[in-house]
Amino acid sequence: MREPLIVVGAAIIRDGRVLAAQRAEPPALRGRWEFPGGKVDDGETPAEALARECREELGVTVRPLHPIGSDAPFPAPSAARARDAVLRLWRVELVEGEPEPLEHLSLRWLAAADLGDLDWLPADIPFLEPLAPLLVDPS
């Protein structure tokens, strides 16, 4: 049996809020919300994938800190990918740059009370509860 494909998501937290990204593609997922990120390529560590994906999708430099919650099953986006996959959410530090929606429709900074307001992708939903306690306004 093949190892599952690992997909990483970035929880970029600033001033007690986390960054959410609205999908542009594929058409079936357009408009739904997720944590930015993507698949770990062959020969790449999850931390390297997080840094690469945030650079490509948001134009920022991040430093992975630690995982949040447990792996969540990640449904295949199409019949072309039959391999099982899991989503791992990592808290990351924003090191350089201001996030821009380079591959998304839009971005939103959310407080803990706002997490339930969005139409999240199913794989991201299990992370909302363990993420909420990390969203504390530092002021």
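Please verify whether the range 65-77 includes one or more residues that are outside any strand (DSSP E or B) and of a type in the set (D, E, K, R). Looking through the range 65-77, none of the residues is outside any strand (DSSP E or B) and of a type in the set (D, E, K, R).
In this structure, does ARG91 turn out to be farther than 27 Å from GLU3 by Cβ, of a type in the set (D, E, K, R) and not in a loop (DSSP other than H, G, I, E, B)? Against the criterion (farther than 27 Å from GLU3 by Cβ, of a type in the set (D, E, K, R) and not in a loop (DSSP other than H, G, I, E, B)), ARG91 does not qualify.
Of the residues in the range 126-139, how many are aliphatic (A, V, I, L, M) and crowded, with 17+ Cβ neighbours inside 10 Å? The number of residues fulfilling the criteria is 3. Any idea how many residues of the range 108-125 are within 12 Å of the chain's Cα centre (by Cα), surrounded by 15 or more Cβ atoms within 10 Å (Cβ to Cβ) and outside any loop (DSSP other than H, G, I, E, B)? Qualifying residue count, the range 108-125: 1.
Every read-out reported here was derived from the displayed coordinates using simple, explicitly stated rules and does not represent laboratory data. Just so we're clear, the structure is a prediction, and the values are computed from it rather than from any experiment. For neighbour counting, all protein chains shown are included, and Cβ atoms are generated from backbone atoms with ideal geometry for every residue, glycine included.
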